[in-house]
Amino acid sequence: MAVGIFDSGLGGLTVLEAAARALPEVPFVYFGDNAHTPYGVRDPDDVYALTTAGASRLFEAGCDLVILACNTASAVALRRMQENWVPRDKRVLGVFVPMIEALTERQWGDNSPPREVAVKHVALFATPATVRSRAFQRELAFRAIGVDVEAQACGGVVDAIEDGDMILAEALVRSHVDALKRKMPEPQAAVLGCTHYPIVEDTFQDALGAGVEVYSQPRLVAASLSDYLQRHPSMYGTGDTAMFLTTGDARRVSDQATRFLRRKIEFVAA
Ligand code: DGL
């Protein structure tokens with residue numbers, strides 16, 4: 001009954017951790033494409049090729065359902081994968097929609113027409129590729145009207161986190177928040193549209209100020225996944241072993257992951 005979680009690197013571990021807490025009986029297979037991170041500066045064809053390769057490996061590991069715990073892949077590659085590539089008996093889902101459903105106060109899977117919502121000024125923090133894709137604004141427009149979104153491409157943050165340089169990561173977060181505030185001085189809500197960012201969520205909240213509600217994906221995606229599996233129990237795959245797979249240096253990635261999750265994590269070569 002395994003479920004796959006994919007990311008370009010370590011960021012998806014924030015989603016994995018919340019999903020494992022919500023669904024303790026499910027063996028999760030994690031795939032980190034650490035050899036090719038960051039995706040945020042790659043072109044769409046490249047992200048598509050890497051993401052389909054990772055998802056194939058997760059199908060092979062006995063997962064019928066793969067969560068792209070990577071906003072960049074969700075924004076740039078997911079629709080193309082769903083339209084042309086995902087086999088009929090498999091599913092690949094992204095991490096954007098659950099967050100937008102929360103922001104627009106919708107139930108999971110509510111497809112009613114767009115309507116006015118309480119938040120009017122939203123700051124989006126994401127990778128350059130996600131910002132460029134405008135996928136967040138497109139998905140939001142299906143559900144809400146009258147919401148002003150100001151996007152800030154947070155160059156360098158993923159690289160710093162992958163390198164374990166948290167001082168640099170936090171300094172970059174503060175400078176990206178300053179840049180955003182110059183464009184939108186008083187956001188009501190901030191969306192962390194990259195799964196690496198929850199690792200520095202406290203810095204985002206501190207720099208934004210206590211009055212700004214920060215929407216972070218791990219808990220929202222985990223809740224949406226539980227709901228999805230309840231509605232689609234056939235999407236539990238045949239795999240029965242939890243695993244951490246990486247295309248990078250397994251020892252180094254294990255050390256980093258252990259530091260982030262504060263428990264022993266052992267990656268093996270994908
Ligand atoms: N965690 C990925 C995301 O959510 C990071 C992408 C990257 O590798 O730049 O966008």
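Worth pointing out:
- Applying the condition of being touching a helix residue (DSSP H, G or I) at 6+ places or on another chain (Cβ under 8 Å) and among the hydrophobic types (A, V, I, L, M, F, W, C) to region 205-220 and asking which residue is surrounded by the fewest Cβ atoms within 10 Å (Cβ to Cβ) yields Val214.
- Some residue of region 71-87 being in contact (Cβ under 8 Å) with a residue 12 or more places away in the chain and under 10 Å from Gly4 (Cβ atoms): no
- Filtered residues of region 174-203 (kept if away from the ligand (no atom under 14 Å from the Cβ) and of a type in the set (A, V, I, L, M, F, W, C)): Val177, Ala179, Leu180, Met184, Ala189, Ala190
- Leading residue by the ranking (nearest to Val268 (Cα to Cα)) among those in region 19-36 that are outside any loop (DSSP other than H, G, I, E, B) and more than 14 Å from the ligand (Cβ to nearest atom): Val29
- Gln107 vs. criteria within 19 Å of Gln217 (Cβ to Cβ) and assigned to a loop (DSSP other than H, G, I, E, B): yes
- If the condition is being away from the ligand (no atom under 13 Å from the Cβ), assigned to a helix (DSSP H, G or I) and surrounded by 23 or more Cβ atoms within 10 Å (Cβ to Cβ), then region 37-63 contributes Ala55, Leu58.
- Scope region 238-256; condition in a helix (DSSP H, G or I) and at pLDDT 95 or above; matching residues: Ala250, Arg251, Arg252, Val253, Ser254, Asp255
- Residue count for region 122-173, restricted to those that are within 11 Å of the ligand (Cβ to nearest atom) and touching a Phe, Trp or Tyr at 6+ places or on another chain (Cβ under 6 Å): 1
- Pair list, Cβ under 6 Å, 6 or more apart: region 174-201 residue closer than 10 Å to Val214 by Cβ and free of Cβ contacts under 8 Å to residues at least 40 places away in the same chain, other residue within 13 Å of the ligand (Cβ to nearest atom) and not in a helix (DSSP H, G or I): Glu201/Ser216
- Of all the residues in region 75-93, those that are buried (at least 21 other Cβ atoms within 10 Å of the Cβ), at pLDDT below 95 and either of a type outside the set (A, V, I, L, M, F, W, C) or out of contact with any helix residue (DSSP H, G or I) (no Cβ under 7 Å at 6 or more places or on another chain) (or both) number 0.
- Tally of residues being touching a residue at least 12 places away in the same chain (Cβ under 8 Å) and more than 15 Å from Ile161 (Cα to Cα) across region 256-270: 6
- Conditions (1) modelled with pLDDT of 95 or more; (2) crowded, with 21+ Cβ neighbours inside 10 Å; (3) touching a helix residue (DSSP H, G or I) at 6+ places or on another chain (Cβ under 7 Å): number failed by Ala129: (1)
The values are calculated or read from the model by the stated rules, or taken from the named source; none is laboratory data. Keep in mind that this is a model prediction, so the values were computed, not measured. When we count neighbours, we look across all protein chains shown, and the Cβ atoms used for this are built from the backbone with ideal geometry, even at glycine.
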